[in-house]
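A short write-up of the structure that comes next.
What follows draws every value from the coordinates through simple rules; no lab data is involved. Bear in mind the structure is a predicted one, so any value in this text is a computation, not a measurement. Reconstructed Cβ throughout: ideal geometry from the backbone, glycine too, with neighbour counts over all protein chains shown.
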Amino acid sequence: TDAHLSAIEKARVLNAFVMETPDQARAMAREADSKIAKGDAGPLAGIPLGIKDLFATKGVRTTACSKILGNFVPTYESTVTSQLWRDGAVMLGKLNNDEFAMGSANETSCFGPVGNPWRREGSNTTLVPGGSSGGSASAVAALLCMGATATDTGGSIRQPAAFTATVGIKPTYGRCSRWGIVAFASSLDQAGPIARSVRDAAMLLRSMAGHDPKDTTSVDIPVPDYEAAIGKSVKGMKIGIPREYRLDGMPAEIEKLWSEGAAWLKAAGAELVEVSLPHTKYALPAYYIVAPAEASSNLARYDGVRYGLREQGKNIIELYENTRAEGFGAEVRRRVMIGTYVLSAGYYDAYYLRAQKVRTLIKKDFEDCFAKGVDAILTPATPSAAFGIGEKGGADPVEMYLNDIFTVTVNMAGLPGIAVPAGKDTQGLPLGLQLIGRPFDEETLFSLGEVIE
Ligand code: GLN
C-alpha cells in the first residue's frame, strides 16, 4: 500500500486519481495485516485498488467527474466496492473518468483529461488512455494500483484496457450489482475490473460479482471460481470470426493482429469458424439512441435540490435550469438533449422504439451464432490504437463515437466481453483483442483470454 501511495504521488501528472485516500488506505492495509496474522484473511487481503469515481464510497467524495455532483459525499457504499472490502482489498482513492461515463477518451471529465503512460515511439505527445474508465486504465498501466473498478455501457472497460495494454472484462448484464453506481444507461451499464493480467481480472471479478437483492436486475446464480478457468484447455472450442467486423478501411495492423489472435487460439486447439452477425452495422446508431434516452431519464435527478451543486434562480424552474446549465458539461448536455428528443411524443416510435427493435435483432444475431455451437467470438477491441489528447471528436462528436464500433454490440446484447492485450501497432502502441461469450460464461473468456495474453 505504501509503495502504491508513493507511486501515485509521483505520477500526479497523469491525473488518474481525482481523490487520494492515503489514511483510509493505510488503515485498511493494517486491518488486512491483522487478519492475515489471525489466519482469517479474505482472498484480496491487502490488495491496493483504485475505484472509478462512479462508485459510491461511504464518506468519500463521489462525483462521476461532474461539476453537478460537486462535493457529494455518499452515506452508503456501492455493493461492488463493499464486496471488495469484505474480501480484504484496500482503497487507494477515486479514479478519473469521463463525466457520467460519457466518452471514449476521458476528455469530458470536470477534473480534466487523463494521460496514458504509453507514448508513440520517438514522440512526446500525451495520448488518451481511452474512456470512460480512463483513470482506471491509466492507473493500472502505470502500476499505481494492482487493479481498478470500472464500468462499461458501450465499451468503457474494454476500450481503455486495449489502449493501455491492460485486461478489462465487462461481465454479463446482471452479473454485478449496479446498486450504488452512478447510473448512465441502466439497461446497458455493468461494472467490471481493469487489471494487469487475465488472472488478476478473474480474481477481482469473483469478488465484485454476485446477486444483490438491492438490484433487481442482478441475477441470482452462483459465481464460479473464475481463477480455476485459467490454464484450462481450450481444445475443441469453436471460435466465431464475424465477417461484419471486417470494416472497410480497417488499418492493416488491426487486421494482422486479429489473424494472429485467431492463429494462437487455433494452435491451442480451438476451431475457427466464420460467422455472420448481420445487424452489426446498426448497433452504433441504435446505441446512440438507447444510451442517451436512458441517460436523459437517469440524469433528471440532478436538479440542484437533492445533490451537490445548487445555482440560484428567481423560482424553482430557474433554479433547475441554472444548476443544470452550469453543472453539466457539453457532452452530457448533448446526450440529455438527444435523449429527451428521441423519447418525446411524436418521435418516440421513429427513434426509441425503432432502436429497441434493432437491439432485439442484434441480440438474436448472437443467439443464432451461439446456437450453432460457437463458444466465443473473436474481434478487435478497437478500430485504432490510442490517439493524442484533443486529436479526435472536437468538431464532430461522431468521430469519437466510432471508437465504440466493436464494443457496443456486446452491451446491446447483454453479453460478457473481455479485452486482452495482444500486440502493438507500428508506433509501438498497445492493441487489444476482444472475446465475446455466451451469457454468464465469463469462464470461457478467461480461458481463451489467457491463451492470447
Ligand atoms: N464511449 C461510449 C459512450 O460515450 C461508451 C461509454 C461507456 O461505456 N460508459 O457512450
Practice prompt. State, as an integer percentage, the relative contact order of the range 1-109 based on alpha-carbon contacts under 8 Å between residues 6 or more apart.
Written response: 33 percent
Practice prompt. Report the percentage of all Cα-Cα pairs in the range 248-364 whose separation exceeds 19 Å, rounded to a whole percent.
Written response: 65 percent
Worksheet item: How much of the DSSP beta bridge set in the chain is antiparallel, as a percent to the nearest 5?
Response: 70 percent
Item to complete: Name the long-range amide H neighbours of residue 275: under 5 Å, sequence gap of 5 or more, or other chain; modelled H, no Pro or chain starts.
Response: 241, 243
Response to the item:
So, over other residues within a Cβ distance under 12 Å of residue 355, counting Lys, Arg +1 and Asp, Glu -1, the net charge is +1
Discussion item. For the range 86-201, what does the relative contact order come out to in percent, with C-alpha contacts under 8 Å and a separation of six or more?
Written reply: 23 percent
Fill in: Hits among aspartates and glutamates - C-alpha to C-alpha of residue 214 under 17 Å, sequence gap 8 or more where chains match
77, 189
Item to complete: Sort out for me the Cα centre separation of the range 134-159 from the range 253-320, rounded to whole Å.
Response: 16 Å
Practice prompt. Looking at the range 2-229, send over the antiparallel percent of its DSSP beta bridges, to the nearest 5.
Written response: 65 percent
Fill in: Over the chain: Kirkwood hydrodynamic radius from C-alpha pairwise inverse distances, Å
21.8 Å
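Quick check on the chain: helices-only [θ] at 222 nm, where DSSP H runs of length 4 and up contribute -39,500 (n - 2.57) each and the sum goes over total residues. Nearest 500, please.
Helix contribution divided over all residues of the chain: -10500 deg cm²/dmol.
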Discussion item. Once you compute Rg and the Kirkwood Rh from C-alpha atoms, what is the Rg to Rh ratio for the range 2-229?
Written reply: 0.95
Fill in: Cβ-defined net charge surrounding residue 341, 12 Å radius [Lys, Arg +1; Asp, Glu -1]
+2
Discussion item. Given an 8 Å cut-off on Cα distances and at least 6 residues of separation, report the relative contact order of the range 270-327 as a percent.
Written reply: 22 percent
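Can you tell me the dipole magnitude for the chain around its Cα centre, using point charges on the Cβ only (Lys, Arg +1; Asp, Glu -1), in Debye to the nearest 20?
Dipole size: approximately 320 debye.
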